[in-house]
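Since the structure comes first, as C-alpha cells, the remarks are kept for the end.
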Amino acid sequence: MNRTQTIGDIAALVRSKNAGPFWLTIDIFCDTDADYNAIAAPGVITPDRIAALYRVDAKTVKIFPLDDIRAVKISFPRPTTQGGVRDRDMHSGQQHVPILRLAVSAEHGNA
C-alpha cells in the first residue's frame with residue numbers, strides 16, 4: 001500500500017514561533033534539494049491549504065520559499081494575542097504540529 005508522504009515525513013526540521021505578539025511563523029527546513037522541491041512545489045503549501053489547516057483567512061497567509069537555504073517560511077495572524085487570556089501556547093512552539101500531517105501532493109489532500 002502506498003501512503004502519501006507528508007511534510008513531517010520529508011522535512012528535516014519543522015518549527016513554529018511567534019513573529020511578534022500578533023503573528024505566528026512556521027519554518028520548514030529540508031536537507032536536500034529533492035526534499036525542498038517536493039515541499040515547495042506548486043499546490044503543496046498554498047494560502048488556501050494553510051487557511052483550512054489553521055482556520056485563518058487565506059488572504060492573511062504569507063508564504064516565503066527560501067530556495068538558497070531549502071526552507072519555506074509561512075506566517076499568519078495568531079488566533080489570539082500572545083499572553084492573552086485565551087492564549088494556550090504563549091511562544092507558539094507547538095503550532096507546527098498540524099502542518100506535519102499536510103500531504104505533499106496537493107491532489108491527495110491531508111494524510
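Every number in this text was worked out from the coordinates using simple rules, so none of it is lab data. All values reported here derive from a predicted model rather than from experimental measurement. Here the Cβ is made from the backbone with ideal geometry for all residues, glycine too, and neighbour counts use every protein chain on show.
Remarks
- Positive-pole candidate from G83, Q95, A34, dipole of the range 7-108, charges at beta carbon: G83
- In range of the label at T4: residues from the range 32-51 whose backbone nitrogen is under 17 Å from the point 7 Å along Cα→Cβ: 38-51
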